[in-house]
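The values are calculated or read from the model by the stated rules, or taken from the named source; none is laboratory data. Since this is a predicted model, take the numbers as computed values, not measurements. Using ideal geometry, Cβ is built from the backbone for each residue, glycine included, and neighbour counts are taken over all protein chains shown. To get the accessible areas, we keep the full protein, side chains included, count just its heavy atoms, and leave off ligands, DNA and RNA. Shrake-Rupley method; radii C 1.70, N 1.55, O 1.52, S 1.80 Å.
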Amino acid sequence: QIDPTQYIRQIIRNVPDWPKPGVTFRDITTVLQDPRSFRVLIDLFVYRYMGQKLDLVAGVDARGFIVGSVLAYELNLGFVPVRKKGKLPFNTVAEEYSLEYGNASVEMHTDSVRPGQRVLLIDDLIATGGTLLAAARLLQRLGANVVEAAAIIDLPELGGSQAVKDSGLSVYTVCS
Ligand code: PRP
Ligand code: HPA
């Protein structure tokens, strides 16, 4: 009987040469598809955050929506989306971040967080950390207190989780 973290780690699918040669993509669809790993994953987050003073879970487009919304529901919290540019219908604020070629941006509704609210930020994976850092800046611009930035997977060799920590945020990842 292996421990829950090892179980999840073993179910994550590594896809060689995707989206381009030389990159090994860490695919969490296999974790979501397997009922035991899906439950154990959510339960690890519930175990960490239950009883902590939180007001909201903010999940990052797209895979952060899947884990973030289930977690918010389990913790009796609301869920707010951090979306890729141009998808949200109401008034938005945006933050840019850099990709290998060019820039991208994430957006939130201006009324999705009230000043002082304690927010857990969650995504599936930290690579360079650019996405979570941009999401955290958005939340902070809206006056949120970002209690922690969480992800299922850290790719520590890319330095992203360190960069997020260096920005002053607490970081939690289930595995690397
Ligand atoms: C992936 C992943 C994270 C981000 C991590 O999403 O789901 O959101 O990249 O990379 P970073 O730490 O270097 O910012 P992607 O941007 O590929 O978008 P998708 O959710 O639309 O697939
Ligand atoms: N999986 C998911 N998202 C990612 C990855 C990955 O391996 N690398 C950068 N973003």
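Some notes on this structure:
- Taking the listed residues Gly22, Gly59, Gly51, Gly64, the one that is within 29 Å of Ala144 (Cβ to Cβ) and without any contact (Cβ under 8 Å) to a residue 12 or more places away in the chain is Gly51, with no other qualifying.
- Enumeration of residues in region 117-148 that are more than 12 Å from Val57 (Cβ to Cβ) and open to solvent by 50 Å² or more (accessible area, probe 1.4 Å): Thr128, Arg137, Gln140, Arg141, Asn145
- Considering region 164-176, and only residues there that are touching a helix residue (DSSP H, G or I) at 6+ places or on another chain (Cβ under 7 Å) and farther than 14 Å from Leu125 by Cβ, the residue that is least open to solvent (accessible area, probe 1.4 Å) turns out to be Leu169.
- Verdict on Thr92 being free of Cβ contacts under 8 Å to residues at least 40 places away in the same chain, touching a Phe, Trp or Tyr at 6+ places or on another chain (Cβ under 8 Å) and more than 30 Å from Pro35 (Cβ to Cβ): no
- Output for region 70-129, where each listed residue is small (Gly, Ala, Ser), away from ligand 1 (no atom under 16 Å from the Cβ) and assigned to a loop (DSSP other than H, G, I, E, B): Ser112, Gly116
- Candidates are the residues of region 92-105 that are at pLDDT 95 or above and away from ligand 2 (no atom under 14 Å from the Cβ); the one that is surrounded by the most Cβ atoms within 10 Å (Cβ to Cβ) is Glu95.
- Scanning region 44-68 for residues that are open to solvent by less than 50 Å² (accessible area, probe 1.4 Å), in a helix (DSSP H, G or I) and away from ligand 2 (no atom under 16 Å from the Cβ) turns up Leu44, Phe45, Val46, Tyr49.
- When region 17-43 is filtered for residues that are farther than 17 Å from Cys175 by Cα, open to solvent by 90 Å² or more (accessible area, probe 1.4 Å) and either touching a helix residue (DSSP H, G or I) at 6+ places or on another chain (Cβ under 6 Å) or more than 16 Å from ligand 1 (Cβ to nearest atom) (or both), the ones remaining, listed by number, are Pro21, Gln33, Pro35.
- Residues of region 130-154 satisfying the condition of being in a loop (DSSP other than H, G, I, E, B) and within 13 Å of ligand 1 (Cβ to nearest atom): none
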